[in-house]
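Here is the structure we will look at, set down as structure tokens.
The values are calculated or read from the model by the stated rules, or taken from the named source; none is laboratory data. Here the structure is a predicted model, which is why all the values come from computation and not from measurement. Cβ placement follows ideal geometry from the backbone for every residue including glycine, while neighbour counts extend to all protein chains displayed. Ligands, DNA and RNA are excluded from the accessible area calculation, which covers all protein heavy atoms including side chains. Shrake-Rupley method; radii C 1.70, N 1.55, O 1.52, S 1.80 Å.
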Amino acid sequence: MSEPETTATDPGSWRAVRRAKVEELRAQGIEPYPYSFAVTHRAQQVLDLGEAVTPEPGLRVAIAGRLMTRRGHGKAAFGHVLDESGRVQVYCREDVLGAEGYALWDRLDIGDWVGIEGPVFRTRTGEITVQVRALTLLAKS
């Protein structure tokens, strides 16, 4: 009797892919389940900072949550991080994060838990955003 074929919707298929990513991260010296991350703000607090006034230059926040969206634009990318208070946009650029940090961003999946540090700014469209200056994988989904 032959083994059934796996498809993109087969849970065994995507689990194998995710497990392989965990092993790849470990092989590169990145622990996919670190112990802790020091959060300074929740998502709603970041949004409140931007809604009240334009945040002062140099204000850095540290947020943690689940990566809910990702969209790339060459050497830059946007995403949304969700925590218990809400959702906030994050902006990642290779020239700011560095090649190694941006490569980590590229290996993230929807549902991964991340810690992000960086300044708060408002995009051209007016959305309050955290620019990723430091990225920590907190837990692989």
Inset, instruction - Could you please tell me which pairs satisfy a Cβ distance under 6 Å, a separation of 6+ or placement on different chains, a first residue in segment 17-41 that is at negative phi, and a second residue that is part of a loop (DSSP other than H, G, I, E, B) and of a type outside the set (F, W, Y)? - result: V22/P32; V22/K140; L25/P32; P32/K140
Legend entry - T129 vs. criteria open to solvent by less than 10 Å² (accessible area, probe 1.4 Å), without any contact (Cβ under 8 Å) to a residue 60 or more places away in the chain and hydroxyl-bearing (S, T, Y): yes
